[in-house]
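Heads up, the thing below is written out as structure tokens.
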Amino acid sequence: MDAQSQWTGLDASRLERIGDHIERNYIGPQKIAGCQVLVARRGHQAYLKSFGSMDLERGKAMADDAIFRIYSMTKPITSVALMMLYEKGYFQLNDPVSRYVPSWKNHRVWVSGEGDDTVTEAPRRAVTFRDVLCHTAGLTYGGGLPGVGVQHPIDHIYKGLKIRSAGSKDTMMEFLDKLGQVPLRYHPGEQWMYSLATDVCGALVEVISGKPFAQFLSEEIFQPLGMTDTAFFVAPDKADRFCANYQRGADKKLKLIDDPATSAFMSEPGFKSGGGGLTGTIADYGRFCDMLRRGGELDGHRILGPRTLEMMHMNHLAGGKDLVQMALGSFSETANEGVGFGLGFASTMGQVETGALGVGDYYWGGAASTIFWVDPKEDLYLVFMTQLMPSGTFNFRGQLKSIIYSSIID
């Protein structure tokens with residue numbers, strides 16, 4: 001056994017199957033342009049490699065310090081930020097959000113119809129902080145999910161109010177007040193739907209802390225953790241490190257959908273999306289995962305208390321149900337079978353139901369097929385970065401889990 005395997009308890013030769021799998025199934029057939037994989041266990045890096053290209057049009061190989069659109073992998077970071085304020089006593093999980101957003105006292109719940117024929121009723125209870133952290137608030141994405149579009153009459157109201165539309169200049173409170181005008185899709189806490197709830201969490205961080213959301217993340221999370229390349233836009237001096245973003249066309253060939261040279265991510269956005277606005281590197285997100293693995297602390301900087309973090313990755317869905325029993329809508333960043341949801345993370349409840357190795361891990365992904373997970377039992381984390389829209393095209397998480405967990409020898 002080599003030294004690295006002794007430190008990590010992972011068979012280094014078996015981990016090389018990761019590269020074989022990616023080259024054979026994805027890079028060679030040009031199903032993705034390129035990717036990076038980071039695996040760490042017991043505080044030691046076990047695997048880190050880059051594959052393929054970061055920009056096919058310019059012939060640029062994937063750089064080790066490449067910058068990616070992490071989209072919904074912003075959500076766990078935002079959730080951690082809000083829970084930092086929980087630890088300071090600003091709110092309890094069952095408190096109504098209307099404590100800080102008075103317009104939310106007027107929420108109604110959709111019953112039937114659309115437009116002038118919409119029928120609503122009073123909610124059975126108010127939307128709570130737990131609800132916005134768990135996606136059980138009754139909000140939707142307003143037709144803004146990639147490849148999904150408008151699915152429900154409520155989505156037309158989001159569109160009409162231009163809630164979180166591209167180029168939005170709304171302040172955080174204006175965003176929250178607009179949401180107060182939209183009927184909830186379902187009664188709070190009674191179902192689960194992927195939604196703008198984490199954008200709400202980001203707005204609440206700004207409203208409660210009194211700091212601009214981006215400043216809060218920078219000062220309270222990114223700087224302490226040394227996440228030097230994570231931001232809501234790519235700085236001009238880092239432009240050459242920014243990946244191109246692709247989509248598979250009907251002919252199964254890769255189509256450029258966001259050129260790094262002209263991308264909206266090259267300029268600072270007006271609205272800072274806590275649900276999907278960040279860009280960053282695999283090294284930066286690895287440091288965030290290492291903080292999670294260590295119970296909320298890294299290099300002497302404590303971000304959260306270990307008990308708070310443990311509570312965050314418990315299943316908070318009503319009655320201990322999984323997403324099969326609770327979820328509405330046709331889009332998520334996870335499969336539903338055997339999967340619970342906590343305060344910003346999905347969690348694996350059972351190996352049999354998910355059909356994947358490992359139980360008790362918590363995770364999330366991004367719209368460009370990025371993924372991460374942290375496994376407290378195995379003291380392990382993974383970060384996978386690529387740029388292919390939309391997520392869910394390939395089961396990268398399940399495939400990588402089968403390779404990595406079968407490499408555990410100690």
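The values are calculated or read from the model by the stated rules, or taken from the named source; none is laboratory data. Computed from a predicted structure; not experimentally measured. Cβ placement follows ideal geometry from the backbone for every residue including glycine, while neighbour counts extend to all protein chains displayed. The protein model used for the area step is the full one, side chains on, heavy atoms only, and it has no ligands, DNA or RNA in it. Shrake-Rupley method; radii C 1.70, N 1.55, O 1.52, S 1.80 Å.
Points to keep in mind about this one:
- With θ taken as phi - 60° and the Karplus curve 6.51 cos²θ - 1.76 cosθ + 1.60 applied, the whole-hertz 3J(HN,Hα) list for segment 371-378 is 8, 8, 8, 10, 10, x, 5, 8 Hz, x standing for glycine and proline.
- Ignoring lysines fewer than eight residues from Lys211 along the same chain, the ones with Cα atoms less than 19 angstrom from its Cα are Lys75, Lys88, Lys169, Lys272.
- With the whole protein complex present, Asp155 retains an accessible surface near 10 Å², based on a 1.4 Å probe.
- A P(r) calculated from all alpha carbon pairs of segment 358-401, with 5 Å bins opening at zero, reads 6, 23, 33, 20, 11, 6, 1 percent.
- Kirkwood radius and radius of gyration were both taken over the C-alpha atoms of segment 62-209, and their ratio Rg/Rh is 0.98.
- Of the GluC sites (Glu not before Pro) in segment 1-59, the ones in a loop by DSSP (not H, G, I, E or B) with at most 15 other beta carbons within 10 Å are Glu16, Glu57.
- Globularity ratio of segment 325-371, using Cα Rg and 2.2 N^0.38 Å: 1.11
- Loop-resident trypsin sites (Lys or Arg not before Pro) (DSSP state other than H, G, I, E or B) in segment 188-283 with no more than 12 further Cβ atoms inside 10 Å of their Cβ: Lys252, Lys253.
- The chain, accessible area per residue, ligands and nucleic acids excluded (1.4 Å, Å²): 40
- Taking a ≥ b ≥ c as the square roots of the Cα gyration tensor eigenvalues, segment 259-343 comes out oblate, since a/c reaches at least 1.5 and a/b does not exceed b/c.
- Note on Cys134: accessible area approximately 0 square angstrom, rounded to 10, probe 1.4 Å, nucleic acids and ligands left out.
- Cα-only Debye scattering, segment 213-322: base-10 log of I(q)/I(0) at q = 0.13 Å⁻¹: -0.68
- Restricting the calculation to Cα atoms, segment 117-165 yields a radius of gyration followed by a Dmax of 12.3, 33 Å.
- For the chain, Kirkwood radius (reciprocal of mean inverse C-alpha pair distance, Å): 21.7
- For the chain, share of DSSP beta bridges that run antiparallel, in % to the nearest 5: 90
- Per-residue 3J(HN,Hα) values for segment 55-69, derived from phi via the Karplus relation 6.51 cos²θ - 1.76 cosθ + 1.60 with θ = phi - 60°, read 7, 5, 4, 9, x, 9, 5, 4, 8, 4, 9, 4, 9, 10, 7 Hz in sequence order (x marks Gly and Pro).
- Classification of segment 1-106 by its C-alpha gyration tensor yields an oblate form. The axis ratio a/c (a ≥ b ≥ c) is 1.5 or more, and b/c is at least a/b.
- Globularity index of segment 297-402, i.e. its alpha-carbon radius of gyration over 2.2 N^0.38 Å: 1.08
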